[in-house]
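Since every read-out is calculated from the coordinates, none of them should be taken as a lab result. Model, not experiment: these values are computed from the prediction. Note that we place each Cβ from the backbone using ideal geometry, even for glycine, and neighbour counts take in every protein chain shown.
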């Protein structure tokens, strides 16, 4: 079985190389990335703020096979060194305080936005942000959310926000309000379509 997989991989690589060579010989430009169905590539942005904390989150949605892939780039300064939980939250508000952003983004009939009780299975759960110096950057990709219309869209009736927590996300399910998903909310940004 192992040899069949290796042979298949080699055949696919050779086929791709042959197509690229034919396109180059014909003077054709390389194929452009596929766009998200109906809307093209979709972009969004959030300005992230907190006490002594500032940064941005940039979102790009593109078509990936039959689904959509959202790439998120987070850049933040002013955080204490260490790991910080990062999540997409269900409401596009950061005022009067960061609790206005609601629970973790988790739409659908079986959704449970409680930050700790259904963790780490929310659609809005992201990897942690590792902070070692003055500015921290994280680039991740997810198929759990979309920017275009649909049941997983961050742009539902009440929008969405990105939250950075003061503590590490333990990646486990805990009791409600136990803080296992990162504890206090120390920075927030409302996600807006560009």
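Length gained on full extension, residue 83 to residue 137, computed as 0.36 nm times the residue gap minus the Cα-Cα distance: 18.2 nm. For the pair residue 130 and residue 97, the difference between a 0.36 nm per residue extended length and the Cα-Cα distance amounts to 9.5 nm. The label point for residue 49 and the one for residue 172, both projected 7 Å from the Cα toward the Cβ, are 3.7 nm apart.
Over segment 42-193, Cα pairs under 8 Å with separation of 6+ residues give a relative contact order of 32 percent.
Can you give the Rg to Rh ratio of segment 43-194, both from alpha-carbon atoms, with Rh computed by the Kirkwood formula? Taking Rh as the inverse mean 1/r over Cα pairs, Rg/Rh reads 0.94. Taking only the alpha carbons of segment 133-194, we obtain Rg and Dmax values of 14.1, 38 Å in that order.
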